[in-house]
Amino acid sequence: MESDKLSRRDRFRKELYREAKDIQDVSEKNVTDIASLLGPHPPAGHAETVARPSIEASSPPPVDAGSLATAGLALGLVAERAISWALIAATFFEAADQRFAAGHTKADIVEFVAAARASSPGAADKVDPLLAERMIGGVFEDESLGDVSGQVVVETQLLLLAALLGEARPGPAGLDALLAEGRKVADEWTS
């Protein structure tokens with residue numbers, strides 16, 4: 001049973017990593033936007049011109065402290081997003097695995113998703129029922145999410161995780177145990 005759970009985790013992780021490229025693209029765009037805001041700006045005024053023609057070898061500008069700090073910030077943001085994404089996915093996997101343990105039916109998943117969508121104003125607009133059912137089903141069997149953007153996957157996982165926790169009401173010790181297991185799995189996935 002434990003080896004079956006590990007192999008299901010690995011299949012779930014591999015499928016979600018396919019979608020991580022979308023998340024990484026969004027993160028890199030955000031980092032590029034931040035870098036352009038923090039980077040050096042051209043001086044104001046008119047550009048200087050040389051009156052005589054000359055050919056000079058160009059060399060890259062030296063790395064300054066600001067550029068180095070910007071690169072470090074950008075790398076940190078990308079790494080933080082990847083780790084956060086893995087933690088969300090792993091904790092979602094564990095919570096769904098606990099809620100829909102062996103013996104669940106498709107009807108159990110459909111009923112849970114319907115209740116989650118009805119639980120708060122706006123939830124029905126934010127949670128696609130077919131996607132939510134596919135994601136929960138993907139914890140137990142191979143399910144491709146290749147047609148869904150990585151950002152939508154993460155947002156749906158967060159909303160479903162909140163619904164799973166709201167239903168389970170694990171208490172502080174149970175929540176700590178779930179997060180510890182999610183962190184352990186996320187660390188395995190990202191190492």
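See the values below:
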item	result
Calculated from backbone phi, Karplus (6.51, -1.76, 1.60) coupling profile of segment 145-154 in Hz, x at Gly/Pro	10, x, 8, 10, 5, x, 5, 5, 4, 5
Anisotropy class of segment 78-191 from Cα gyration tensor, a/c 1.5 cut	rounded
For peptides 117-123, 153-159, sequence by mean Cβ density within 10 Å, most packed first	153-159, 117-123
Spin-label model distance (nm) - Ala173 vs Val152, 7 Å beyond Cα toward Cβ	4.2
Hz values of 3J(HN,Hα) by residue in segment 179-191 - Karplus curve (6.51, -1.76, 1.60), Gly and Pro given as x	5, 5, 5, x, 5, 4, 5, 4, 5, 5, 5, 9, 9
Proxy reagent accessibility, fewest Cβ within 10 Å first, across Leu175, Leu131, Leu161	Leu175, Leu131, Leu161
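Any read-out appearing in this document is the output of simple, stated calculations on the displayed coordinates, not a laboratory observation. Computed from a predicted model, the values in this text were never measured in an experiment. So basically every Cβ, Gly included, is an ideal-geometry build from the backbone, and we count neighbours across all protein chains shown.
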